[in-house]
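Working notes, structure below.
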There are 2 protein chains.
Amino acid sequence: MTAGEQAGDNPIPRQALTRQVSFLLAQLGAHATQRFTDRIAPLGLTPPDIGVLRMIAMSPGRSQRALAEELGVVPSRVVALLDNLDRKGLVERRRSATDRRNHELHPTPAAYQLMGELWPVLQTHEADLTAALSPAERDQLASLLARIADQQGLDVGVHPGYQRANSPTTDQTKG
Amino acid sequence: MTAGEQAGDNPIPRQALTRQVSFLLAQLGAHATQRFTDRIAPLGLTPPDIGVLRMIAMSPGRSQRALAEELGVVPSRVVALLDNLDRKGLVERRRSATDRRNHELHPTPAAYQLMGELWPVLQTHEADLTAALSPAERDQLASLLARIADQQGLDVGVHPGYQRANSPTTDQTKG
DNA sequence: TATTGTTATACTCTATAACTATA
DNA sequence: TATAGTTATAGAGTATAACAATA
């Protein structure tokens, strides 16, 4: 080591970082997403697949424009997202009869079946991830997290991973 | 809507998702990372910059190979990560005298100064993110999260975002 | 021959801008 | 002319494989 360096005394101490809720959330969030990704891979699905499918299932018939709005992404992104689902036979784009510019989005029967299969996978995922906690603690944690999500203005059930909007002015790299 | 669809009764109900710790973690984790990214952008830094810099500062002189090991990424990825820091004048690669194949990694004085400036930013970030909670609740939350992180085998202070190892057998898309 | 770091290459994600069909 | 969706294009991130220097 050379003069000017301060090894054991660096400005971002490990201990402090460990206790920061913000870091723990980022760390555990990435971990949870990674585990989830692994779990649904056997079903041929990705996290974005599921998020988009769920939105469409919640109110079938909406347009791609409306979906883009809700997800917070540009329309061209929705095209790619839907192409993925389309290729898997999970979504159907129906030309609107009243305005032929619009596509009405509908899950296919296969999609509904797949979502049914997904449910137990989600439950296993949840159980494994919270294995360290008692049921009471798990509820407590869910409550605390929900309060933060609410205060932070996050849409219920909408993962912010979609609108990683690389605004032209900011230099962001990692979601 | 057409026969076979089940709009209000879809298989992934919003209410259930909302209470799942796993989803809340993924959602809040992505949100926390996004906010963090925005906050450090004015300093010209990205989240990976900070993570790597912190590791190097923790034990200066380590090799790129060792760093790759700790981050859980391939050596070629470390090259890119370090190139970013290098371009910003924050890291120095010194040819090892004992084994000229090695690069000993050292933060520059500018890096130490920047890490000093970073500290208050982290504190603001933490405070804003936990604004919904009392100090006691914040501690409680940190404790619950730390227990999960520990049980899940996460390295203390290491963000899993580095090793988004797209293993050839799995089909993962989003981190 | 084995190891460290680098370069070459390829693939995915995602945005912007140009384009087509429709209104 | 304005709008919905698509395609063309570009840039970042990240992996694998081939390579050069050193041991």
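Take A:Val158: with every protein chain present and a 1.4 Å probe, its accessible area is about 10 Å². The label-point distance for A:Gln151 and B:Ala80, in a model that sets each label 7 Å from Cα toward Cβ, rounds to 3.7 nm. Computed from backbone phi with θ = phi - 60° and the Karplus coefficients 6.51, -1.76 and 1.60, the 3J(HN,Hα) list for the stretch A:90-100 is 10, 9, 10, 9, 10, 4, 5, 6, 7, 9, 5 Hz; x is used for glycine and proline.
So with the 1.4 Å probe, I'd like the accessible area per residue for the stretch A:1-150, rounded to whole Å².
Details: 6580 Å² over 150 residues.
I get 44 Å² per residue for this part.
What separates the B:Ala80 label point from its copies, with the point 7 Å along Cα to Cβ, is 1.5 nm, written shortest first.
Could you check how much of the accessible area of the stretch A:84-142 is carbon and sulfur, as a whole percent, using a 1.4 Å probe? Mind showing how you got there, number by number?
Details: 1600 of 3150 Å².
Solvent-exposed carbon and sulfur of the stretch A:84-142 make up 51 percent of the total.
Taken residue by residue and averaged, Cβ atoms of other chains lying within 10 Å of the Cβ of B:48-54 number 2. Inter-copy label distances for B:Asp38: 3.2 nm (label point placed 7 Å from Cα along Cα→Cβ; shortest first).
Overall, the stretch B:42-154 carries a charge dipole of about 600 debye about its Cα centre when +1 sits on the Cβ of Lys and Arg and -1 on the Cβ of Asp and Glu, all other atoms neutral.
What length, rounded to one decimal in nm, is gained on full extension from A:Arg101 through to A:Asp128, with 0.36 nm per residue of separation minus their alpha-carbon distance?
Values: separation 27, 0.36 × 27 = 9.72 nm, distance 4.55 nm.
Extra length from A:Arg101 to A:Asp128 when fully extended: 5.2 nm.
Among residues of chain A, the one whose Cβ lies closest to the rotation axis carrying chain A onto chain B, together with that distance rounded to whole Å, is A:Gly29, 1. For A:Val91, nonlocal amide neighbours, meaning residues 5 or more places apart or on other chains whose placed amide H falls under 5 Å from its own, are A:Asp86, A:Thr108. Summing both sides, the accessible surface hidden between A and B at a 1.4 Å probe radius is close to 8800 Å². Plainly put, the tip 7 Å out from Cα toward Cβ on B:Trp119 is 5.3 nm from that tip on each other copy, the closest given first.
The values are calculated or read from the model by the stated rules, or taken from the named source; none is laboratory data. Since the structure is predicted, the reported quantities are computational estimates derived from the model, not experimental observations. All Cβ positions, glycine included, derive from the backbone under ideal geometry; neighbour counts span all protein chains shown. Note: areas computed on protein heavy atoms with side chains; ligands, DNA, RNA excluded. Shrake-Rupley method; radii C 1.70, N 1.55, O 1.52, S 1.80 Å.
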